[in-house]
Number of protein chains: 2
Amino acid sequence: MVSREQHDRMANAIRFLSMDAVEKAKSGHPGLPMGCADIATVLFTRFLKFDAKNPHWPDRDRFILSAGHGSMLLYSLLYLTGYEDITLDQIKNFRQLGSRTAGHPEYGHAAGIETTTGPLGQGIANSVGFALGERIMNAAFGKDLVDHYTYVLAGDGCLMEGISQEAITLAGHLKLNKLIVFWDNNDISIDGSVSLTDNTDQVARFQASGWNAMHIDGMDPEAIAYAIEAARHSDKPTLIAAKTTIGFGAPTKAGTNKAHGSPLGADEIAGARKFFGWDLPPFEVPTDVLSAWREAGQAGANARTEWEGRLAKSDKKAEFERRVSGKLVEGFDGVIADYKKKLAADKPKVATRKSSEMALEVINGFLPETIGGSADLTGSNNTKTSQTNNITPGDYGQRYVHYGIREHGMAAAMNGLSLHGGIIPYGGTFLCFSDYARPSMRLASLMGIRSIFVMTHDSIGLGEDGPTHQPVEHLAALRAIPNHHVFRPADATETAECWQVAIESEKTPSTLALTRQNLPELRTEYVAENLSSKGAYELAAAEGGEAAVTIFASGSEVEIALGARALLQGHGHPTRVVSVPCFELFDEQSADYQASTIGKAGVKVAIEAGIRQGWDRFIGTDGIFVGMTGFGASGTIEQLYPHFGITAEATAKAVEARLHK
Amino acid sequence: MVSREQHDRMANAIRFLSMDAVEKAKSGHPGLPMGCADIATVLFTRFLKFDAKNPHWPDRDRFILSAGHGSMLLYSLLYLTGYEDITLDQIKNFRQLGSRTAGHPEYGHAAGIETTTGPLGQGIANSVGFALGERIMNAAFGKDLVDHYTYVLAGDGCLMEGISQEAITLAGHLKLNKLIVFWDNNDISIDGSVSLTDNTDQVARFQASGWNAMHIDGMDPEAIAYAIEAARHSDKPTLIAAKTTIGFGAPTKAGTNKAHGSPLGADEIAGARKFFGWDLPPFEVPTDVLSAWREAGQAGANARTEWEGRLAKSDKKAEFERRVSGKLVEGFDGVIADYKKKLAADKPKVATRKSSEMALEVINGFLPETIGGSADLTGSNNTKTSQTNNITPGDYGQRYVHYGIREHGMAAAMNGLSLHGGIIPYGGTFLCFSDYARPSMRLASLMGIRSIFVMTHDSIGLGEDGPTHQPVEHLAALRAIPNHHVFRPADATETAECWQVAIESEKTPSTLALTRQNLPELRTEYVAENLSSKGAYELAAAEGGEAAVTIFASGSEVEIALGARALLQGHGHPTRVVSVPCFELFDEQSADYQASTIGKAGVKVAIEAGIRQGWDRFIGTDGIFVGMTGFGASGTIEQLYPHFGITAEATAKAVEARLHK
C-alpha cells in the first residue's frame, strides 16, 4: 500500500517530468498531466493490470489517453514504470523529429501507446471498440485468457465532440461494464472557461445514456481509488467525473487556460517546485520515487506469469495466438480461389454490394475473427451473413454489431476492435456518409490498422435519394488519404479479389465502394492471379491492330467502358479497356507494369461516376474524362446516367470527335 | 378552431398524398409522414407563422424537416397550404429527375424548403443557426421586425448522430428558447427496433444539455398543441418527445421498419384507405379539406401585412432589406483597395492566419453582418477582431460565437445562420479538423450558401503537434467538393483578396487555408485588380529569356518557389513562378488565360506541403511535384520542411536533374 506521502511524490514525478519536457521542447501541454497526475498514479499503482517489461501481454488492461494533447502524462508513466521504449532521453526529446515521444501519442511509436489520440473524442470512441473487443474475445476464449478492463482519460473537448455521444450511447446500450472513463473535469478549454461554451450536466448525460456516473475530487487519491473500485463492480460502463485543477501547482497559471497548451515558463516552474517542495533539477526523479514506480511497473508480472501458465495449458492456445497475431487461418487463399472458380462458372449479375455479401459469406465462414456491422443500413449494405448473429448486451459471443445511426462512432469503435487484437472489423454505411466517419478513417490509415469500411450506394447509381446521398467527390477524397486502399470493384470476381486484399492487408485499412445497382459478371474466365491486387489491369485488349484508344474505368462504369469499346471497335477503332479497382495498389506496381497498363494509345479516356480529380494519373491532362462535374440529382438510375452523359454512346462520341480532330 | 374531425381529415390528406406519391415513384419513405401528420397539422394550422403566397417573408417562422427522408410530409404541407412551387403535378412527380420534389428536400428547389436535409442530424444542427440568427437579427433590428420561432422535426437517426449532441449543447448553452424540436419517437430505425442499438433516455439527455423536454402522445392533437404552447413560453429550447406510430394506418406495416423506406404496396394502401375511411383515388384531396388547408396557408397573411407596415415605417428599413438580400454595403471594393495599398506599403511579415485577422478587422469594421467564431481555437485561428464581442445567453447583440469543441455543430450552425438571412457567418478550426465538419461543409456547397470556413494550421508547418494535426490530404479533399472555393493565400495581400472573393461569393462557400508560420509579403506593389480572384497568376516572370521552368505553388510554399526560382535563375535557367491561391477560380477563367498562365516551359513544377492529387492539372503527369506522399511528423518546422524535402534547394535540384537529362 502506497502512503499518501509516497503517492504525492510519485504523482509529482509525473508533474515535473511533464513540465520539464514541455519547457525543453518549447511547446506542449503541461496542464493536463499536472491536473491528472493523481488519477494516473492511483490507476497505475493500484489497479491497472500490466507488465511494463512485457507490454504486449494480450490480457493487459488498456489505458487510453483520449485527451491526447496531455501526452506527457502517458510518456511519464511509461518511463517511470519502466517501458523500454520510453527512456529518459525520449522524455528529453519530447516532440522532436524522430523521437518516440511525438506531440500527441502515436500508435506504433512505443509499446503502451494503445491508440493514436489527439483529434478529440477519438480515444473515448476507440475505447468502446476496445471494451467490446475484450468481451468478444472473452466469449471466444474464456475468462482464463481474456479478462481485462479498458480505462480512459478524457477531457472536456472529448466530451463536447459529437462522436462522444455516439460512443457512449453505443457503450451504454451494449452494457460494456468493463469500460471506465475518467473525465478530467477541470472547467477549462483553450478559449477559456468551459462555461463560455457549455453548461452540460455530464453526469446526467452519461446516466441518460446508460452509464453509471459519479462526481469525485480528482486530486484525492482515496476518492479516486474508491471510484475505480465502484466502477469495477458496476453492471454498466462508468464515468468518473473527476474535478481537477489544470496545471495544478503552477502559482499563477493553475486553473486557467494559460496552463493548457504552452510551456509554463521558468518562473511558474520554479514556483511549482517550491509549491511541491521538489528541489531537483529538470528531469531528475528521486531514486526512491523511481524505484516505487518501477515496482508498480512490475506489479503485474505475477499475473502475467500465471496467465501464461493458463495459456500454455489451454486447448485454445494455438488459435488464441493466431488470432492475437493477426495472421489468417491457413488456406485462406485456396478458399478465395475456389470461390472465384464458382463465380466464373455462375456468372452472377448482381450489385457489388450483393457480391460483397457473397464474398463475406465465404470469408466469414472461414475466418472466425471477422466482426461485421453497419450503421443502421444492414439490409442496404449487405453486411450480414449467415454466420453473423447479433451481439447484444447479454451475448458477446456473436459476430454482428448493429452500430446504430453512428457512422463516426462505428468507425472509431472498429479501430478499437482492430487495435485490441484478435478481431478484423468491417462496417458499413453509404459511401456519401464516409464523410461522417472520415476522422476515424484517417486515423486508421495513420495507425496502419486493418479496419474495413464497406461503403455501398457509391454513385448517382443509387438513384432517387438524390444529391445528398450521391457521392461525387468521395472516391477522390478517400483516395487522397495516405495508406488507405480504396477499392471499387466492377463485378463479383473483382469484389472477391478486393475483399481478399483488404483482409490480407494487416497494415492498411480499406474502403470498398460498392454499387446499389446490378452489374454483369465481366471476368467470366477463372484466373488464379488476383488481378485486382495490381490496382489496374487490362480487361479487354484492342482488336484489329494497335490500340488507338484506351478506356480506363472503375466499378459500375467498367460495363460502360466495355460498351463504348464495342461501339468503337465496330467503327474500326482498336480499343482496349483497363479496369481500375484500386489506385493505390496500381501505384505500388513496377514502373514497367504501370507503363504497359497505361499504354500508348493516342486517345485515353477514363469513366467514373465521380469527379475527374486523380484520373489524370491515367489519362494525362489532355485525356477525356467521362464523369461528374458537380452534384447529382434525384431521379431513376435510367434517367441519371444519360442525364449526366455517362454512357457508352457519349463516351464513344467524345472519342470519335477526338480521333477525327 | 379546427374540430377533431377536421384535424383528422387534414392530417389524413398528408398521409395519403405521401403514400400515393411514394407508391407512384416506386421509392421513398411513407412511414414518417404517416406517423407525424398530426404534429404537422397542428403546427401548420395553429402555430406556424407563415404566408404561403409570400413564402420568403423574412419574419416567418421556420420549419425544418431534419428527418429529410420524410420529404413527402413537407411537400404535402407545401402543396396543401398553397405554395406555388409545389403543385399537385410536382407531388405526382416525386423523386423524378427535374422535379422540385426530390428524394430529400433540396434547398432552392422550392420556397418553404428552408434547408437541404437527408444526411441525418444536419437539420437539427442547422436549426441552432436559424434560432441564433433570429436572436442576432432581433437584437439588431428589434422585435417589430424580427420575432419568430424555429420548429424542427427530427427522427431517431438525427438524435443518434453525434452532431446532434454538439447542436443541442450549444443551443442549451445559448438558451435559444425559440427553438422547438419535435422528436418523432417511433421506436423504429432502418435495421429494426431502435432498441437494437440504443436505449438512451432522450428527455433526460436533453435536460442535461440545458433543454426543456417533455414526453407527449404525438398523435393526439391537443397534447401536441399544449406542448407547443408550453415550449413557446419556456426560457430554454424545448424538445417534444412525441410518441408516434411509423406508417400509422398501414394495416400490417405500421409500427415496423417495413413502413420506413419503401412503398407500402397496393394492399397496405387499400387497407389504410379503409382504416381512415378515405374513399378517394390517389392524389385526390376532398375539396373542403383542401380549402381548410389553403385557409391555413393564408392565416399568416394579416401578420405579414402588419409586419410590412412596421417595416415601411422603420428607420431601419433600408439596412434590414440590404441585410436580408445578402447584398454588401456599398463601397466594400474601395475598403479592400485601401487596405491592399496599406499592405503594399507596410509589407507585413506575418502568418496568413494573422493576415486573415487583419483582413477581418477591416471587413468586420465595414460589414455589420459578419458573425465570427471558432471551435475553441480563437487565439489560434485569429478569428476575433475588435468589433466582435462574445454572444452570450443574455446578449445576442454581439458578433462572436464561442462554438466550443464542436467543429461539426459549428459548420452546421453557420449554414443555419447563412440560410436564415441577414448574416455572413465565418468560423474557424484547424484545417485537419475540417474532416469533422465535412458533412456540413458539403451541404453548404450543395445548397450554394455563403458559409466561410477559416482553417488555420494548414500543413506540416504547424510543427510539433504532429501528424494527427497536420493536414496532408485535406486541400485535395476539399478541392474535390463541387462548388467550394478553397483558398490558400501566400501573403497578406492574397489573404485580403481571398477574403474579398469569399465575402462576395453569395452562392459559393469558401475555405481559407491559412498558415501558423510567418510568411513574407510577396506582393510588394499595389495592384488594383484582385489577382487571387483569377485563381492563379504569374507572380514572378522569367528573366533572361523564355521560361525554361515554371513553378506553381500555393500558400506558404510560394516563398519556397521564389527561393527555388532565385537559385535556378542564378544557374542560368529562366524560371517563372505562378501563385495558385484557388484551383476552382482558375478553372473559371478563359481557356486563353489558363493556357498562358500555365505556359510552355519545358519543366513544370508544383510545390505544396500536401499531396500531389489535383496538381497534374497544372504540371501534367510528367511534372515534378514537391510535397508530401504520406503523413507528417512531430518536429519543429525548421526540421520538418527539409525532412520532407520541401525546400528551395530540393526543388532546384530536382529541376536541374530534369534539365540535364
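The values are calculated or read from the model by the stated rules, or taken from the named source; none is laboratory data. Fair warning: this is a prediction, and the values are worked out from it, not measured in the lab. Positions of Cβ are generated from backbone atoms using ideal geometry, with glycine treated the same way; all protein chains shown enter the neighbour counts. To get the accessible areas, we keep the full protein, side chains included, count just its heavy atoms, and leave off ligands, DNA and RNA. Shrake-Rupley method; radii C 1.70, N 1.55, O 1.52, S 1.80 Å.
Results for (1) out of contact with any Gly (no Cβ under 9 Å at 6 or more places or on another chain); (2) of a type in the set (Ser, Thr, Tyr); (3) without any contact (Cβ under 8 Å) to a residue 24 or more places away in the chain, shown as yes or no for each residue.
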position: B:GLN6; (1), (2), (3): yes, no, no
position: B:ILE14; (1), (2), (3): yes, no, no
position: B:LYS26; (1), (2), (3): yes, no, no
position: B:PHE50; (1), (2), (3): no, no, no
position: B:LEU65; (1), (2), (3): no, no, no
position: B:LEU77; (1), (2), (3): no, no, no
position: B:LEU80; (1), (2), (3): no, no, no
position: B:THR87; (1), (2), (3): yes, yes, yes
position: B:GLN96; (1), (2), (3): no, no, no
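Got at least one residue in the stretch B:135-152 being within 14 Å of chain A (Cβ to nearest Cβ) and in contact (Cβ under 8 Å) with a residue 40 or more places away in the chain? No, that holds for no residue. For the stretch A:288-304, the set of residues classified as of a type outside the set (Asp, Glu), farther than 14 Å from A:PRO58 by Cβ and part of a helix (DSSP H, G or I) consists of A:VAL289, A:LEU290, A:SER291, A:ALA292, A:TRP293, A:ARG294, A:ALA296, A:GLY297, A:GLN298, A:ALA301, A:ASN302, listed by residue number.
Grab the helices (runs of 4 or more DSSP H) fully contained in the stretch B:160-273, keeping just those with 1 or more residues being away from chain A (no Cβ under 14 Å) and free of Cβ contacts under 8 Å to residues at least 12 places away in the same chain.
Values: elements: B:162-173, B:202-208, B:221-232.
By residue number, B:221-232.
With the condition being of a type outside the set (A, V, I, L, M, F, W, C) and out of contact with any helix residue (DSSP H, G or I) (no Cβ under 8 Å at 6 or more places or on another chain), I'd like the helices (runs of 4 or more DSSP H) fully within the stretch B:337-432 carrying at least 2 qualifying residues. Correct list: B:352-366, B:378-381. Filtered by the rule that a residue be more than 10 Å from chain B (Cβ to nearest Cβ) and not basic (Lys, Arg), the stretch A:588-601 gives A:GLU588, A:GLN589, A:SER590, A:ALA591, A:ASP592, A:TYR593, A:GLN594, A:ALA595, A:SER596, A:THR597, A:GLY599, A:ALA601. Tallying residues that are open to solvent by less than 10 Å² (accessible area, probe 1.4 Å) and either among the basic types (Lys, Arg) or within 14 Å of chain B (Cβ to nearest Cβ) (or both) within the stretch A:31-47 yields 0. The one condition from (1) of a type in the set (Asp, Glu); (2) within 30 Å of B:MET72 (Cα to Cα); (3) outside any helix (DSSP H, G or I) that A:GLU506 does not meet is (2).
Inside the stretch A:491-519, can you point out the residues that are among the polar types (S, T, N, Q), within 22 Å of A:GLY463 (Cβ to Cβ) and open to solvent by 10 Å² or more (accessible area, probe 1.4 Å)?
Residues satisfying the conditions are A:GLN517, A:ASN518.
Select from the stretch A:206-249 the residues that are of a type in the set (Phe, Trp, Tyr) and surrounded by 18 or more Cβ atoms within 10 Å (Cβ to Cβ) and list them in ascending order.
A:PHE206, A:TRP211, A:PHE248
Restricting to the stretch B:370-403, count the residues that are facing chain A (nearest Cβ under 10 Å) and surrounded by fewer than 18 Cβ atoms within 10 Å (Cβ to Cβ). The qualifying residues number 4.
On the basis of being over 30 Å from A:LYS92 (Cα atoms), surrounded by fewer than 18 Cβ atoms within 10 Å (Cβ to Cβ) and of a type in the set (S, T, N, Q), does A:ASN302 make the cut? Yes: the conditions hold for A:ASN302.
What number of residues in the stretch B:100-137 are touching an Asp or Glu at 6+ places or on another chain (Cβ under 6 Å) and more than 21 Å from B:CYS158 (Cα to Cα)?
Keep residues of the stretch B:100-137 that are touching an Asp or Glu at 6+ places or on another chain (Cβ under 6 Å), which gives B:100, B:103, B:110-111, B:116, B:120-121.
Remaining after also requiring more than 21 Å from B:CYS158 (Cα to Cα): B:100, B:110-111.
Residues that pass the stated criteria total 3.
I want to confirm something. Restricting to the stretch B:113-159 and keeping residues that are outside any helix (DSSP H, G or I) and of a type in the set (Gly, Ala, Ser), which single residue is farthest from B:LEU239 (Cα to Cα)?
That would be B:GLY142.
Can you spot a residue in the stretch B:250-261 that is surrounded by fewer than 16 Cβ atoms within 10 Å (Cβ to Cβ), within 27 Å of B:TYR83 (Cβ to Cβ) and out of contact with any Asp or Glu (no Cβ under 7 Å at 6 or more places or on another chain)? No: the stretch B:250-261 contains no residue that is surrounded by fewer than 16 Cβ atoms within 10 Å (Cβ to Cβ), within 27 Å of B:TYR83 (Cβ to Cβ) and out of contact with any Asp or Glu (no Cβ under 7 Å at 6 or more places or on another chain). Inspect all residues belonging to the stretch B:581-595 and state whether any of them is over 25 Å from A:ALA477 (Cβ atoms), open to solvent by less than 50 Å² (accessible area, probe 1.4 Å) and in contact (Cβ under 8 Å) with a residue 12 or more places away in the chain. Looking through the stretch B:581-595, at least one residue is over 25 Å from A:ALA477 (Cβ atoms), open to solvent by less than 50 Å² (accessible area, probe 1.4 Å) and in contact (Cβ under 8 Å) with a residue 12 or more places away in the chain. Regarding A:VAL454, is this residue surrounded by 24 or more Cβ atoms within 10 Å (Cβ to Cβ) and either among the small types (Gly, Ala, Ser) or within 11 Å of chain B (Cβ to nearest Cβ) (or both)? No, not satisfied.
Got a number for residues in the stretch B:175-205 being open to solvent by less than 10 Å² (accessible area, probe 1.4 Å) and farther than 24 Å from A:HIS402 by Cα? Qualifying residue count, the stretch B:175-205: 5. Among all positions in the stretch A:422-433, there is at least one residue which is open to solvent by less than 10 Å² (accessible area, probe 1.4 Å), of a type outside the set (Ser, Thr, Tyr) and within 9 Å of another protein chain (Cβ to nearest Cβ). When residues in the stretch B:208-241 are screened for being closer than 26 Å to B:GLN6 by Cβ and not hydrophobic (A, V, I, L, M, F, W, C), 8 of them pass. When we screen B:GLY627, B:GLY610 for residues that are surrounded by 20 or more Cβ atoms within 10 Å (Cβ to Cβ), within 17 Å of B:PHE583 (Cβ to Cβ) and touching a His at 6+ places or on another chain (Cβ under 8 Å), the only hit is B:GLY610.
Take the conditions β-branched (Val, Ile, Thr) and surrounded by fewer than 24 Cβ atoms within 10 Å (Cβ to Cβ) and apply them to B:VAL577. Does it pass? Answer is no for this residue. Residues in the stretch A:602-661 that are touching a Lys or Arg at 6+ places or on another chain (Cβ under 6 Å), closer than 17 Å to A:SER459 by Cα and facing chain B (nearest Cβ under 9 Å): 2 in all. Find the residue count for the stretch B:434-448, including only residues that are assigned to a loop (DSSP other than H, G, I, E, B) and open to solvent by less than 10 Å² (accessible area, probe 1.4 Å). Qualifying residue count, the stretch B:434-448: 0. Can you confirm whether the stretch B:124-131 contains a residue that is within 19 Å of the chain's Cα centre (by Cα), of a type in the set (A, V, I, L, M, F, W, C) and within 12 Å of chain A (Cβ to nearest Cβ)? The answer is yes; a qualifying residue exists. Being more than 36 Å from the chain's Cα centre (by Cα), of a type in the set (S, T, N, Q) and at pLDDT 95 or above is a property that B:THR575 has. Taking the criterion of being in a loop (DSSP other than H, G, I, E, B), at the interface with chain A (Cβ under 10 Å from one of its Cβ atoms) and either surrounded by 24 or more Cβ atoms within 10 Å (Cβ to Cβ) or in contact with an Asp or Glu (Cβ under 6 Å, 6 or more places away or on another chain) (or both), the residues of the stretch B:56-99 that qualify are B:PHE94, B:ARG95.
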